[in-house]
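Everything below concerns the one structure shown next.
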Amino acid sequence: MKRRKLRRLIDICKLYLVVLFLCIVSLKITLTLYGEEYLERESFEYKKYEKEPFYLIDNISIKVYFCPRDNCSEIFINLLNNAKSIKCLFYDLNLENISEIIKTKNNFFIGVYAKNLKSNYYGLTPINTGYVMHNKYCILDGEVVITGSTNPTYRDVSLNNNNLIVIKSKKAAEFYLNDLFSIANFSNFNNREYPKINEILKNASFVEISDSFNTTSIKICFSPIQNCRNLIVETLNKSKNKIYFMTFTFTDKYVGDILAKKKKEGIVVEGIVEKKFYSRTPEVIRNSISNDTNPYNLHHKVFLVDDNIVITGSFNPSYNALKNFENVVVIKSFYINNLFHDEFFMLKDNK
């Protein structure tokens, strides 16, 4: 009798374990298909800025280049060649000239996401973070930041559509250096502890640097230590008349909902997405999207808001970007916006 009860109890336990296993498998399939949508939107929808921004004044100059039409390889090489100090983080790198350049430099650090690092490149440091290190930025001589969507690879500079942003600002360089050393330390520990960052980044939603006349400003955000999606969403929400976007991939349904809401308000919303990822874009904005026509890749991660705001950097509007190491720059400048406006319509109209 006792044995029968024991067997029944064991059978019941087995049944519960099977049900639990099926639930876990079902949840994993759901998260894979929908990009953690069900978990993310509940927790994010009601969050504004949880922390205050940090404001600074500095001299700022910004230059923009578009690959492949602006010969980004030569621009990259010249910038590095003329710098005495080079500190960089790249998701990928295969331009051989860079390897030759750093052989002549005494003060350099170039970290590359370990899975993409080629062993025959001189002096490069593998970045093992446990998360994807998706940045593409350099700090030169402690006063110039190179960022945008461009990896120093043959495809990104010669075939794919990309942007390369060169920002001259000592304050911006300081924060990028801080992020770089945080990630480098995190990589060296080779564990999943949160990287150590300075108090400003830890306690600020983003950093905003303006010139003394407030005619040009940049907002800088580093993911995952700051909530960069918040910055993007709040910037899109402030649009008064139009939003254009160019993205490699777009899977974040919440950002899609924001764009759909703005379109209902009468805002012009138009975008271009890399054609191979069009089917993954949120359905609510698909009728606003054109496929790119580049036989290689449209690799931008750009939103243009009205006539004076550009959002760029390494951050795609995707769920993966929320946990990757990324950077976002929001530029306030009529001139820079106009340059990106021309790039958008050149790609949209296939010129």
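The values are calculated or read from the model by the stated rules, or taken from the named source; none is laboratory data. Keep in mind it's a predicted model, so treat the numbers as computed, not measured. Methodologically, a virtual Cβ is constructed for each residue, glycine included, from the backbone with ideal geometry; neighbour enumeration extends over all protein chains shown.
The table below lists the values:
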{"read-out": "Residue pairs meeting the criteria (Cβ under 8 Å; at least 6 apart or on separate chains; first buried (at least 16 other Cβ atoms within 10 Å of the Cβ), in segment 254-266; second of a type in the set (Ser, Thr, Tyr) and assigned to a helix (DSSP H, G or I))", "value": "Leu259/Ser288; Lys263/Ser288"}
{"read-out": "Residues being crowded, with 19+ Cβ neighbours inside 10 Å and in contact with a Gly (Cβ under 7 Å, 6 or more places away or on another chain) - total across segment 111-127", "value": "1"}
{"read-out": "Members of segment 231-253 that are of a type in the set (Val, Ile, Thr) and touching a Pro at 6+ places or on another chain (Cβ under 9 Å)", "value": "Ile232, Thr247, Thr249, Thr251"}
{"read-out": "Test result for Ile98, more than 19 Å from Tyr65 (Cβ to Cβ) and of a type in the set (A, V, I, L, M, F, W, C)", "value": "no"}
{"read-out": "Single residue of segment 134-170 satisfying the filter (among the small types (Gly, Ala, Ser) and touching a residue at least 60 places away in the same chain (Cβ under 8 Å)) that is surrounded by the fewest Cβ atoms within 10 Å (Cβ to Cβ)", "value": "Ser158"}
{"read-out": "Hey, Lys103 of a type in the set (Lys, Arg), surrounded by fewer than 18 Cβ atoms within 10 Å (Cβ to Cβ) and in contact with a strand residue (DSSP E or B) (Cβ under 9 Å, 6 or more places away or on another chain) or not", "value": "no"}
{"read-out": "Among (1) within 29 Å of Ala204 (Cα to Cα); (2) surrounded by 14 or more Cβ atoms within 10 Å (Cβ to Cβ); (3) modelled with pLDDT under 95; (4) out of contact with any His (no Cβ under 8 Å at 6 or more places or on another chain), the one test that Gly130 misses", "value": "(2)"}
{"read-out": "All positions within segment 288-334 that are surrounded by fewer than 23 Cβ atoms within 10 Å (Cβ to Cβ), of a type in the set (Phe, Trp, Tyr) and touching a residue at least 60 places away in the same chain (Cβ under 8 Å)", "value": "Tyr296, Tyr319"}
{"read-out": "Criterion (in contact with a Phe, Trp or Tyr (Cβ under 9 Å, 6 or more places away or on another chain) and closer than 22 Å to Ser158 by Cβ) met by exactly one of Leu298, Leu304, Leu259, Leu347", "value": "Leu298"}
{"read-out": "Number of positions in segment 308-351 that are at pLDDT below 95, assigned to a helix (DSSP H, G or I) and not hydrophobic (A, V, I, L, M, F, W, C)", "value": "2"}
{"read-out": "Some residue of segment 290-300 being under 19 Å from Val145 (Cβ atoms), under 9 Å from the mean Cα position of the chain (by Cα) and outside any helix (DSSP H, G or I)", "value": "no"}
